[in-house]
Amino acid sequence: MELTLTPEIKAAVGRLMKSGRYASEVDALATAVKLLEEEERAFAELRQKVREGVEAADQGDLIDGEDVFADLKRRHDDEFGVRRWRV
């Protein structure tokens, strides 16, 4: 496969190689493709969760918004030990 890269992509790959993180253009682009595949999988999972949520909502299985925010605040406080935001 032959690819024509834009000047911006060529420059980005050049910077990555110059930093010493990648030995070749192929290494840099292979990592970029791997990250893109991971992102695509994550988006597919998110889309599936959204579909499931919409289906649940259509069936009347809803959670009160205030309960959701209270849970988020509790998780935040548990994680960080300090209240850093207000609603």
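Miscellaneous remarks
- When we screen 71, 78, 67 for residues that are more than 30 Å from residue 16 (Cα to Cα), surrounded by 10 or more Cβ atoms within 10 Å (Cβ to Cβ) and modelled with pLDDT under 95, the only hit is 71.
- Of residues in segment 50-64 being of a type outside the set (Gly, Ala, Ser) and assigned to a helix (DSSP H, G or I), the one farthest from the chain's Cα centre (by Cα): 58
- Within segment 1-19, residues that are at negative phi reach no partner that is of a type outside the set (S, T, N, Q) and surrounded by fewer than 12 Cβ atoms within 10 Å (Cβ to Cβ) with beta carbons closer than 7 Å at six or more positions or on different chains.
- In the condition set (1) modelled with pLDDT under 95; (2) surrounded by 11 or more Cβ atoms within 10 Å (Cβ to Cβ); (3) part of a helix (DSSP H, G or I), residue 31 is compliant with all but (1).
The values are calculated or read from the model by the stated rules, or taken from the named source; none is laboratory data. This is a predicted model, so every value here is computed, not measured. Cβ coordinates were reconstructed from backbone atoms using ideal geometry, including for glycine residues, and neighbour counts include every protein chain displayed.
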